[in-house]
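Encoded as C-alpha cells, the structure appears first; notes follow it.
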Amino acid sequence: MNRNSIDPKKASGLINAISKKIGVPPEKLKSELESGKFDSTLSAMNQKDASKFQQALNNPKLVERMMSTPQAQALYKKLSGEK
C-alpha cells in the first residue's frame, strides 16, 4: 500500500471522522499519524480501544492480517480511488 496513492480529500474525510470519534483535533491526529507518535490519540481513547491499538502497533503481523481482510481492502480501494 502506498499512502501517496490515497486521494487527499478522502484521507482528510477519514481523519476528520476518526478525530470526532476519539476526540482529538484533526490537525493533531494528522500530525501524529505523519510522525508515527500516538500519545494524545491513545490518551483520548477509552482504555479497551487504546489497548487494542497499542497491540496492533506492537505486532506488525496482526496489522498485516487485519489489512488483508475484505473490509480493509474495500476501504483502501475506496480511499485510493481504485476500481
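The values are calculated or read from the model by the stated rules, or taken from the named source; none is laboratory data. Only a predicted model underlies this, so the values are computations on that prediction, with no experimental measurement involved. Because the Cβ atoms are built from the backbone with ideal geometry, glycine has one as well, and the counts that use them run over all protein chains shown.
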Pairs returned, first residue in segment 61-83 that is within 15 Å of Leu14 (Cβ to Cβ), second residue that is of a type outside the set (A, V, I, L, M), beta-carbon separation under 6 angstrom, 6 or more apart or interchain, are Leu79/Lys10; Ser80/Ser5; Gly81/Asp7
The listed residue being hydroxyl-bearing (Ser, Thr, Tyr) and in contact with a Pro (Cβ under 8 Å, 6 or more places away or on another chain), out of Ser43, Ser19: Ser19
Going by what's in this entry, would Ala72 be described as surrounded by 13 or more Cβ atoms within 10 Å (Cβ to Cβ) and at pLDDT 80 or above? yes
Quick check: anything in segment 22-29 of a type in the set (Asp, Glu), within 25 Å of Ala74 (Cβ to Cβ) and at pLDDT 85 or above? no
